[in-house]
Amino acid sequence: MTLQKSIIATAITLSAFNAYSASFQLNETSASGLGRAFAGDAVIADDAAVLARNPAAMALFDKKSLSLSATYIDPGVKVEGISAPDILSAAYDVNELDQDGVVPSAIIPAAYFINPVNDTFAYGLAINSNYGLKSEYEKDYAAGSIGGKTDLKTINANISGSYRVNEQLSLGLGLNVVYGEAELIRHAGKVLENGITIPSVGLVFPPVPTSTEVVNMSGDDFGYGWNVGAVYEINSDHRIGLSYRSKVELAFEGDFTGLGTPTEDGSLTIDMPSIAEFSGFHQLTTQWAAHYSVMFTQWSSFEKLEAYAGNELAFEKQENFEDTYRFALGATYNLNQEVTLRMGVAFDQSAAVDHRSISIPDSDRLWYSAGATYQLNDTDSVDFGISYVNGDNVVVTEEDALLAALPDALSPFVGNKDWGFSSEGNALLLAVQYNKSF
C-alpha cells in the first residue's frame, strides 16, 4: 500500500471512529419531552411523539393524533490547545489551537401520527432522527488531520403497530428504515509544513501546505432495524413502559480522494447501537405527576471499524467503547385547563472514556429542562421546551493522523506525534411543537 493510501486510511479511521460517541446519539425527539428532560417519555403518551420511544404506548390513545416538532440546538463547544507534536518548534504557541463554535447550530425536525383503529389495535408513522453529528475546523487549522469536517445526518422512518392484550398490558412492534449521509474532510495541518529533514541525509519528506486535503470522503446508505415495546397500566394513575430498539448497520459507500491519489471507491461501516428504555409515570394528585426514565445504549456492541479503499481493506482496528446509561427525573404540574408546566433533570454518560476526539469532544452531561403546553382548544395544543446541557471539561490526547501514517523509519526523527487539548461542551436547546387530535 502506498504512503498516500496509508494516510487516507489512518485519517479516516481516527476521525470517523473517535467521532462515534454518546454525543452521536440524539435524544431531541419532541418539545414536550425536552421540557421534562425526556423523563418518562416511553410511557407518558401525552402526544403522538411517544411513538419515537415506545410503540406500545399507542394503545393509550382513543383518537387520531398528529405531532410536528422542531428542536433548535445551539452548542457551545470550545477547544483549547495544551500541547503539540515534537516536529513543531518548542516555541509553537498552543493558543493557536483554541477554537470556539466547533459544533455549529442545527435544527432537528420530527413528525408523528397515531391512528387507533379500534379498542385493540392502533398503528402509527414516525419520521425523526436518532443519530447525527457535525464538527468543523478551519482549513488551515494546525491539527488539520484530526480536525477538519465531520458530518453525519440520519433520518429514521418508522411504521409501528400496537395490540392491547387486556386492560393492563399493551404490546407494540415497529420497523425502521434509516437513511444516512456522511462526509469527512481532513487537511494536512502544520506538522509537515516544512517537510522532514534528517541532518545526515537532508530533506526526506517534502513540505505539505497546511490547507492541503489529505482526506475527502463522502457516502450514503440505507439501514434497517426493528423496535418493540410494552406498557403495563397498574391503574388509571400509574403505569410503566419498557422499549427496545435494535442496532442498525450503515455501510457508507461513496468516493474518497486524498494526498496524491486519484478518486477511488470507499466504504466505511458503522453500527448505530441498540437502545433499551424503562419509564414510569405516576399521577400523584389532580395537579402533580412524577415521571422517570432509565435508558441503556449498547455502545460496546461496536467491536471494530473497517475502512476499505477500493476492494482492499485499508484499516481494521479493535476498540473498547463502553455501554452508557441515561437517567432522567421529571415532574408535571397542571396549572389550569389551558396550561401544563413541566420540569426535569437528567444525567447522560459518555461512551468515549478512552477514545475522545476533537472532532466530537464527548463528555458526561447534566440536563436542566423546563417546558409548557398551551391548549388552544379541545383538539389543538402547542408545546414549548428549553434545556441547558452542561458538559464536563475533559482532556483530549490525539495522535496526528498524518504523522501516524509516516514510515516507522522516520519515527526517531519525528518524536512525539500527539496533540493535547482541553474541551468543554455545553448546549442550549429550544423546541416548539404542534399537536392535533381528531
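For every residue, the table says whether it meets (1) charged (D, E, K, R); (2) surrounded by fewer than 24 Cβ atoms within 10 Å (Cβ to Cβ); (3) under 19 Å from the mean Cα position of the chain (by Cα).
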residue	(1), (2), (3)
Gly33	no, no, yes
Arg36	yes, no, no
Ala52	no, no, yes
Pro55	no, no, no
Met58	no, no, no
Ser65	no, no, no
Val77	no, yes, yes
Asp86	yes, yes, no
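If you go through region 354-377, how many residues are at pLDDT 95 or above and open to solvent by less than 30 Å² (accessible area, probe 1.4 Å)? Total meeting the criteria: 5.
Looking across region 88-111 at every residue that is β-branched (Val, Ile, Thr) and assigned to a strand (DSSP E or B), the one that is nearest to the chain's Cα centre (by Cα) is identified as Ile108.
Do you know which residues across region 118-152 are part of a loop (DSSP other than H, G, I, E, B) and surrounded by 18 or more Cβ atoms within 10 Å (Cβ to Cβ)?
Across region 118-152, the qualifying residues are Ser129, Asn130, Tyr137, Tyr141, Ala142, Ala143, Gly144, Ser145, Ile146, Gly147, Gly148.
Looking across region 158-186, the residues that are at pLDDT 95 or above, among the β-branched types (Val, Ile, Thr) and part of a strand (DSSP E or B) come down to Ile159, Val177, Val178. Of everything in region 188-207 that is touching a Gly at 6+ places or on another chain (Cβ under 9 Å) and open to solvent by 10 Å² or more (accessible area, probe 1.4 Å), the residue that is nearest to Gly132 (Cα to Cα) is Lys190. Open to solvent by 20 Å² or more (accessible area, probe 1.4 Å) and on the phi < 0 side of the Ramachandran plot: does that describe Phe421? Against the criterion (open to solvent by 20 Å² or more (accessible area, probe 1.4 Å) and on the phi < 0 side of the Ramachandran plot), Phe421 does not qualify. Among the residues making up region 383-415, those that are without any contact (Cβ under 8 Å) to a residue 60 or more places away in the chain, open to solvent by 30 Å² or more (accessible area, probe 1.4 Å) and over 30 Å from Ile196 (Cα atoms) are Tyr388, Asn390, Asp392, Asn393. Residues that are surrounded by 15 or more Cβ atoms within 10 Å (Cβ to Cβ) and at pLDDT below 95 do not occur anywhere in region 330-340.
Taken over region 375-421, the criterion of being among the aromatic types (Phe, Trp, Tyr) and outside any helix (DSSP H, G or I) is satisfied by Phe384, Tyr388, Trp419, Phe421.
The values are calculated or read from the model by the stated rules, or taken from the named source; none is laboratory data. What you see is a predicted model; the values in this text were computed from it and never measured. Backbone-built Cβ (ideal geometry, glycine too); neighbour counts: all protein chains shown. Side chains included, ligands, DNA and RNA excluded: accessible areas come from the protein's heavy atoms. Shrake-Rupley method; radii C 1.70, N 1.55, O 1.52, S 1.80 Å.
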